[in-house]
1. Of the conditions (1) within 30 Å of A:GLY210 (Cβ to Cβ); (2) within 14 Å of chain B (Cβ to nearest Cβ); (3) surrounded by fewer than 22 Cβ atoms within 10 Å (Cβ to Cβ), A:PRO123 satisfies every one except a single condition; which number is it?
2. For the range A:193-244, give me each residue that is over 26 Å from A:ASP92 (Cβ atoms), β-branched (Val, Ile, Thr) and touching a Ser or Thr at 6+ places or on another chain (Cβ under 8 Å).
3. Filter the range A:161-183 for residues that are in a helix (DSSP H, G or I) and either outside the structural domain of A:ARG339 (by TED's automatic domain parsing) or among the aliphatic types (A, V, I, L, M) (or both) and give the result.
4. So which pairs qualify, if the first residue must be in the range A:52-71 and under 23 Å from A:LEU23 (Cα atoms), the second must be at pLDDT below 95 and outside any helix (DSSP H, G or I), the Cβ gap must be under 7 Å, and the two must be at least 6 apart or on different chains?
5. Just the residues that are under 26 Å from A:GLU34 (Cβ atoms) and either at the interface with chain A (Cβ under 7 Å from one of its Cβ atoms) or touching a Leu at 6+ places or on another chain (Cβ under 6 Å) (or both), please, taken from the range B:87-102.
6. Would you list the strands (runs of 3 or more DSSP E) that sit entirely within the range B:26-116 and hold 2 or more residues that are farther than 29 Å from A:VAL127 by Cα?
7. Surrounded by fewer than 23 Cβ atoms within 10 Å (Cβ to Cβ), of a type outside the set (Val, Ile, Thr) and either free of Cβ contacts under 8 Å to residues at least 60 places away in the same chain or in the same structural domain as A:ALA242 (by TED's automatic domain parsing) (or both), is that true of A:LEU217?
8. Picking from A:ASN214, A:ASN306, A:ASN288, which residue would you name as being within 24 Å of B:THR73 (Cβ to Cβ) and among the polar types (S, T, N, Q)?
Amino acid sequence: MEEKFDAIIVGAGAAGLGAAYRLAKYGFNVVVLERGQRIGAKNVYGGRIYTHVFEKEIPEFRKEAPVERWVKKERLTLMNSDDAVTLELFSDFSANDSFIAILSKFNEWLGKKVEDAGGLVIPGIKVDDLIAENGTIKGITAGDEKLYADVVIDAEGINPIIAKKAGLRDDWKPNQVAVGVKEVIKLSENTVNDIFQLNEGEGVANLFLGYPTNYALGGGFLYTNKDTISLGVVIRIDSAIAKRIQVYDIIEDFRNHPFIHRILKEGSPIEYSAHLVPEEGLDGIPRNLVGDGILLVGDVAGFVLNRGLTIRGVDLAFLSGLLAAETVKEAHEAGDFSRASLSSYEEKLKNSIVFSELEAFKRASGLLGNLRFYETYPQILCEVLKDAYTVGENSRKIYPILREKMKGRLSLFTMIRDVISAVRNL
Amino acid sequence: MSDLNGVNDVTNENGENPKEELGEKGEKLSIEARLGLVAFTIDSEPHIKLREEVCRECKPRYCLFVCPAKLYTEENGEIKFNYEGCLECGTCRIACPQELDWNYPRGGFGAHYQYG
């Protein structure tokens, strides 16, 4: 099949499908090649998506998208091996600006939108290499097949096999990415509502610090789907190495923590999965996001924002795909797919929330590399509150308890500095 | 793609038969039991290849504990790797101090996540 397309897109995740959707709407002859047996088969994430970008782009989004639950409660839990301290924000969140979804199903839906718009999505095909002529990308190879296009949009995801071949990025270092593992546990819809005190369609997003990662850099998460729970642990790889974390069993320790066990004991695990997450924010983005005949979108470009309280990537991925599509349209009109012509993509990103948000929290990733947030604070907070709530003959005030627990572990000065730094940068 | 015969033969249907209940505290599911929950189509060729002589010399051997599927094991001082059950995350490649010959399985093969 020596057919020529206007654009070939590598990977049917949120980024690739965003690019395909917009290009198909422009009337371009576009094909998305997906290595999974079906769309969504290889996608794994925590659980939450922010709506605004999707709502703007896809008019029927609210009616059609496969939403599990709308987030009504935001929780942060600090844990030691026995106890847990939870901070909860309950709000009516009437704007409904984030929802919990299964990414496999969400991308499957996005794929249908692309096909409805006239785009072609072919699952079961892994792109192996790029075809370059005089340094310009002209197409891809998949097995023995060759496919040509004016431009290739690389939406391959976190593992940069194709982007490395294009010379656009190096592989990630262990301090730039985290490994996430997830278990999905089946309950009933009513049980989920009862346990988390939710009305129909309402959900909880719960992040955890401390025990879930065995005090390594990272966190745990719990998202309420309609009748299942997504429970996971994310650990930065350098920290997993330094602490010799047995990553393959970490989720079991978390699930058996008394705080989690009492919630999930009646459930049945139905799937286990793993995936990498970019962790470095702005610093993890390669210098060049375009080459001659190629653009990078989504995870391979590092568009994930971790600001401690929230982590977002799917919306940024989708938006980067839309901006790549706009760029390709302009390049098509100019008849020029050179690096210089495609570099307006980088300008578009800089003027969008992809960069403004990453820029606003550019010091978050440095701060989040502070091990005390995972090791010291969750343990001290649990111990202090437990003592403060324990009534006995020698009840003490909070301050002396705090000083006792801090002894040899943390100075008052360091604590104050960390708190100020957290408030300023997160 | 002519070489994709059998793609629909999902070899592991355990996803349809989840473990009954999680039971009492302290009961951990083994990694083997958890991998049994994932639907796979196993390719005949491994997509990740170790170089025996490099692995033999490797001291840190991070792969033994960072792989979320515990596919790297040690036998008589040699590192053994089983590509079946690979969750395709890439952690081993990032953690490996050597150059690991890492790739995804061929199109249509490997894990088929339903709740990813």
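The values are calculated or read from the model by the stated rules, or taken from the named source; none is laboratory data. Computed from a prediction, not measured in an experiment: that's the story for all the values here. Cβ placement follows ideal geometry from the backbone for every residue including glycine, while neighbour counts extend to all protein chains displayed.
1. It fails just one condition, (1).
2. Passing the criteria: A:THR213, A:VAL233, A:VAL234, A:ILE235, A:ILE237.
3. Residues satisfying the conditions are A:ILE161, A:ILE162, A:ALA163.
4. A:HIS52/A:ASP97
5. Matches in the range B:87-102: B:LEU87, B:GLU88, B:CYS89, B:GLY90, B:THR91, B:ARG93, B:ILE94.
6. Numbers: elements: B:39-41, B:72-75, B:78-81, B:110-112.
In the range B:26-116, B:72-75, B:78-81 are the strands (runs of 3 or more DSSP E) which contain 2 or more residues that are farther than 29 Å from A:VAL127 by Cα.
7. no
8. A:ASN214
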